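Peer 1: Below are the structure tokens for one structure; questions will follow.
Just so it is clear, none of the values below were taken in a lab; they were calculated from the coordinates. Since the structure is predicted, the reported quantities are computational estimates derived from the model, not experimental observations. Reconstructed Cβ throughout: ideal geometry from the backbone, glycine too, with neighbour counts over all protein chains shown.
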Amino acid sequence: MMDVFKDRCHLSWEPPKDDGNLGIDYYLVEAQDIDNTSWIVVGLVQGDTQCGIPNLDVGKKYMFRVKAINAAGESQPLISQKEVLAKDPWGEFGCFVFECPVNVFLQG
């Protein structure tokens, strides 16, 4: 997983170790809102191992999975290891959470 924001994210993955000597035609990328049991298709990717996912709902948690598709069929899914929270990586004041200053005092 790369970049996560309040309304979108960017996924990347490694290709399968074995494609049955048939090559990969495309990858099927799916998302699941953890409050729902359904997986929905959010991308079809050809010739790459990354995908931008738009239209996430702010504050929702998601799981993602990717399947490799070729002439033999579809692979077992590669499923994200943890839930992803749709939120911006910076805090309330526009700084990145891991870069926000600590122990800052205002003088009047």
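Peer 1: Quick one: order Asp57, Asp35 by neighbouring beta-carbon count within 10 Å, fewest to most. Don't jump to the answer; show the numbers that get you there.
Peer 2: Working: Asp57 12, Asp35 9.
Ranking Asp57, Asp35 by Cβ neighbours within 10 Å, fewest first, gives Asp35, Asp57.
Peer 1: Set the Förster radius R0 to 30 Å, insert the Cβ-Cβ distance between Glu14 and Lys61 as r into 1/(1 + (r/R0)^6), and round the FRET efficiency to 0.05.
Peer 2: Details: r = 24 Å, r/R0 = 0.79.
Once rounded, the FRET efficiency stands at 0.80.
Peer 1: Moving on. Between Ile40 and Asp88, what is the label-point separation in nm under the 7 Å Cα-to-beta-carbon projection?
Peer 2: Computed distance between label sites Asp88 and Ile40 equals 2.4 nm.
Peer 1: Work out the FRET efficiency for Lys6 and Thr49 from their Cβ-Cβ distance, taking R0 = 30 Å, and round it to the nearest 0.05. Numbers along the way, then the final one.
Peer 2: Numbers: r = 25 Å, r/R0 = 0.82.
FRET efficiency, Lys6 to Thr49: 0.75.
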